[in-house]
Amino acid sequence: MAKVLGISAWYFALLPILYWFWVIQIGKQAKWKIIVSLSLSSLIARYTYPANLAEYFEFITWLRYPIIAVLLVIELYLLVTIIKALWQARSLTGDPRIHMLSKYDTDEARNSTSKASTQMDLAVTLAHEPASWYYAIPRFSRRHTAALANIKLRSASRWYFALTVIGTSLATVVSYLWLYEWSELVAAFVATFIFYLLVMFVANYRVSRYYSLYEFDDKVIVNNSWWGFCVISKADIQSVETGNWHKADDKEQVYIGAQPANVKLSFSTPQLYLSGMAMIKDEVSTLYLNVDTPEELAIALRQFEQTR
């Protein structure tokens with residue numbers, strides 16, 4: 001009974017609350033989308049709860065069809081378009097997320113209520129899957145642009161990576177053993193999902209260690225490990241300063257790396273910062289970084305100022 005109560009709290013309380021604050025509120029999405037979270041929770045409950053409880057969720061087996069139909073009508077065209085774009089970009093070098101962002105980032109797409117915004121969000125989110133394999137397998141990223149500097153990220157350390165791998169492996173085994181007696185199907189699904197996250201964690205380590213800040217065409221790419229990134233137009237770099245800044249000095253802007261920051265980038269036009277698998281978008285006018293070679297980075301970025 002304790003397991004059922006715990007999983008119910010996860011399905012119908014914690015997940016919808018997180019979805020409401022992290023996706024709808026922060027991402028400024030339509031409020032009706034909370035139905036997606038609740039309906040999926042009900043559907044999972046229908047097929048994973050014990051029989052005497054699952055019958056109370058029988059309604060979702062009928063309600064899911066109109067819900068799915070509406071969502072398909074809304075998203076199908078966008079999905080087909082984006083998959084075609086991903087397929088066309090397969091021969092391009094570099095991070096697939098950057099290619100998708102370059103293709104769909106427009107002034108209209110930055111309006112969170114527009115169709116173009118939904119299209120861009122979906123494109124970049126879907127691009128995380130091929131991008132994770134691109135970075136996780138060294139052969140795929142062997143021709144990647146060299147870093148201008150390395151941001152001091154905890155996720156770039158070998159000990160952090162080792163702990164991540166060990167923790168994920170243990171979580172896979174523990175989740176399977178814990179859920180097996182309740183539902184073998186759920187146990188296999190959860191354990192497989194957790195173990196599959198290793199691909200993303202390997203990508204997280206390699207991006208943090210080798211590709212946290214680099215130049216790509218007319219842009220500078222800043223990776224806040226795997227979970228956030230900013231694509232900066234060289235032409236929009238207004239100034240580059242070196243020094244010491246703490247988060248308390250400017251709480252409204254984004255800090256990447258250890259504290260204090262030693263590089264401050266100011267932009268003439270706000271730049272797009274995406275986090276949470278591109279589900280959260282912010283526009284930043286200033287970016288604070290802690291890098292291993294601040295003076296060398298400042299010299300390199302000031303060259304962009306002079307050539308624009």
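A few points about this structure:
- The residues of segment 232-299 present an accessible area of 43 Å² per residue when probed at 1.4 Å with all protein chains retained.
- Among residues other than Tyr214 with Cβ under 14 Å from its Cβ, the summed charge is 0 (Lys and Arg +1, Asp and Glu -1).
- For Asn150, the residues 5 or more places off, or on other chains, whose built amide H falls under 5 Å of its own are Asp292, Thr293.
- Lysine pairs with alpha-carbon atoms under 22 Å apart, segment 124-263, spacing 8 or more or separate chains: 4
- Length gained on full extension, Ser102 to Glu129: 8.0 nm, using 0.36 nm per residue less the C-alpha separation.
- Hydrodynamic analysis of segment 196-293 uses the Kirkwood radius over alpha carbon pairs. Inserted into Stokes-Einstein at 37 °C and 0.692 mPa s, it gives a translational diffusion coefficient of 235 µm²/s.
- Measuring r between the beta carbons of Leu5 and Ile299 and using R0 = 45 Å, the FRET efficiency lands at 0.15.
- Charge-dipole axis of segment 155-308 as Lys and Arg at +1 and Asp and Glu at -1 on Cβ define it, positive-most pick from Ser239, Val263, Thr192: Thr192
- Label point distance in nm, Leu18-Ala235, each placed 7 Å from Cα along Cα→Cβ: 4.1
- With a Förster radius of 25 Å applied to the beta-carbon distance between Leu38 and Leu177, the computed FRET efficiency rounds to 0.25.
- Using a Förster distance of 22 Å, the FRET efficiency for Val199-Gln259 (Cβ separation, nearest 0.05): 0.15
- Within the accessible area of segment 164-308 (1.4 Å probe), percent carbon and sulfur: 59
- Packing rank of 15-22, 137-144, where each peptide gets the mean count of other beta carbons within 10 Å, highest leading: 15-22, 137-144
The values are calculated or read from the model by the stated rules, or taken from the named source; none is laboratory data. Keep in mind it's a predicted model, so treat the numbers as computed, not measured. For neighbour counting, all protein chains shown are included, and Cβ atoms are generated from backbone atoms with ideal geometry for every residue, glycine included. Each accessible area value is taken on the protein alone, full model and side chains, heavy atoms only, with ligands, DNA and RNA left out. Shrake-Rupley method; radii C 1.70, N 1.55, O 1.52, S 1.80 Å.
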